[in-house]
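Report on one structure; see the data block that follows.
The values are calculated or read from the model by the stated rules, or taken from the named source; none is laboratory data. Because the structure is a prediction, the values reported are computed rather than measured. So basically every Cβ, Gly included, is an ideal-geometry build from the backbone, and we count neighbours across all protein chains shown.
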Amino acid sequence: MRIVFCNKIILRFQSGIIFGMLFTSCTFSSHAQDTVLNKYGLWVLHSLEQLQQTSLHDSGKAMVNLRRAIPGIVLDLRYAGTNNFMRQRLYPPLTTTYLRKAAADSLLAVQKELNKNGWGLKIFDAYRPYSVTERMWEPVQDDRYAADPRKGSGHNRGIAVDLTIIDLLTKKEFDMGTGFDNFSDTAHHAFTQLPSAVLQNRQLLKKIMEDHGFKALDTEWWHYYLPNSRQYELLDIPFARLKKMK
């Protein structure tokens, strides 16, 4: 009788271990898709749920809808159409775009300051899914003008924005010397062989963005980003999923 009783105890104990192992395995597997490193050894979030989890202890990491967050902002999202250097649509048709809350709050302050003079911001690009960066790298492969997917982009982290200043009355862009996505020395901040009005416009944009915490990219007058980029995870969350956020 003692032997039978002991055997029952052992079987229950073993069953408990097996169940615990299975439970742990299932729990781990459910998150494996989001925690595995990609081929470059980078951790890229694909899940809206996991993004929300990362922002529980840092509200600045939340992704926000720019059209809602910044009243009056003008959007000309070039990669949602074909008017870009790739000459193809890289995003689905969009009516808004997104940034981390920390970046959006700073951009709102920029917009308010410009509004005092009857000016405003026009956004060419903000959040960019990591998979799009991989596609954009192929024809360029020059990290002065396109982000190397081995490092990821500030756009992928939701803390970089491509933009210019417009006159709110006429909706006309300030003359910056080149258009958006101009891969030449003329678009560099250090290039000074331009009319004084153009240089003043670039300096105006740079000063107001830097006054509100952004940094300029040396090779693109339109590109600004938050300096603490490593604090923000790389994202490859489709716009359709971001649209479901409340």
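Here is how the numbers come out for the structure above:
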{"quantity": "So L121, is it in a strand (DSSP E or B), under 20 Å from N201 (Cα atoms) and touching a residue at least 12 places away in the same chain (Cβ under 8 Å)", "calculated": "yes"}
{"quantity": "Residue list for segment 166-225, restricted to those being part of a loop (DSSP other than H, G, I, E, B) and of a type in the set (F, W, Y)", "calculated": "F174, F180, F183, F191, F214"}
{"quantity": "Selection within segment 159-206 - among the aliphatic types (A, V, I, L, M), more than 24 Å from A109 (Cβ to Cβ) and in contact with a helix residue (DSSP H, G or I) (Cβ under 8 Å, 6 or more places away or on another chain)", "calculated": "L194"}
{"quantity": "Meets criteria (within 24 Å of Y232 (Cβ to Cβ) and not charged (D, E, K, R)) for L121", "calculated": "yes"}
{"quantity": "Options N156, N228; residue that is closer than 30 Å to Q53 by Cα and surrounded by fewer than 17 Cβ atoms within 10 Å (Cβ to Cβ)", "calculated": "N228"}
{"quantity": "Residue under evaluation G120, criteria (1) within 23 Å of R230 (Cα to Cα); (2) surrounded by 19 or more Cβ atoms within 10 Å (Cβ to Cβ); (3) touching a Leu at 6+ places or on another chain (Cβ under 7 Å), criterion not met", "calculated": "(1)"}
{"quantity": "Count - residues of segment 35-58 that are part of a loop (DSSP other than H, G, I, E, B), within 18 Å of the chain's Cα centre (by Cα) and more than 19 Å from E134 (Cα to Cα)", "calculated": "2"}
{"quantity": "Failed criterion for K171 (all others in (1) surrounded by fewer than 21 Cβ atoms within 10 Å (Cβ to Cβ); (2) under 16 Å from L66 (Cα atoms); (3) of a type outside the set (A, V, I, L, M) hold)", "calculated": "(2)"}
{"quantity": "Single unsatisfied condition, K151 versus (1) over 18 Å from L77 (Cα atoms); (2) crowded, with 17+ Cβ neighbours inside 10 Å", "calculated": "(2)"}
{"quantity": "Given (1) within 23 Å of H212 (Cβ to Cβ); (2) modelled with pLDDT under 95; (3) touching a Ser or Thr at 6+ places or on another chain (Cβ under 9 Å), index of the condition F28 fails", "calculated": "(1)"}
{"quantity": "Boolean, F85 is under 20 Å from the mean Cα position of the chain (by Cα), assigned by TED's automatic domain parsing to the domain that holds N201 and among the aromatic types (F, W, Y)", "calculated": "yes"}
{"quantity": "Odd one out for K151, checked against (1) more than 16 Å from the chain's Cα centre (by Cα); (2) in a loop (DSSP other than H, G, I, E, B)", "calculated": "(1)"}
{"quantity": "Flag if W137 is surrounded by fewer than 21 Cβ atoms within 10 Å (Cβ to Cβ), under 16 Å from P71 (Cα atoms) and without any contact (Cβ under 8 Å) to a residue 60 or more places away in the chain", "calculated": "no"}
{"quantity": "Only one of L168, L108, L99 that is over 18 Å from R78 (Cα atoms), assigned by TED's automatic domain parsing to the domain that holds E233 and either out of contact with any strand residue (DSSP E or B) (no Cβ under 6 Å at 6 or more places or on another chain) or modelled with pLDDT under 95 (or both)", "calculated": "L108"}
{"quantity": "Test: residue in segment 43-58 that is within 27 Å of K206 (Cα to Cα) and in the same structural domain as N182 (by TED's automatic domain parsing)", "calculated": "no"}
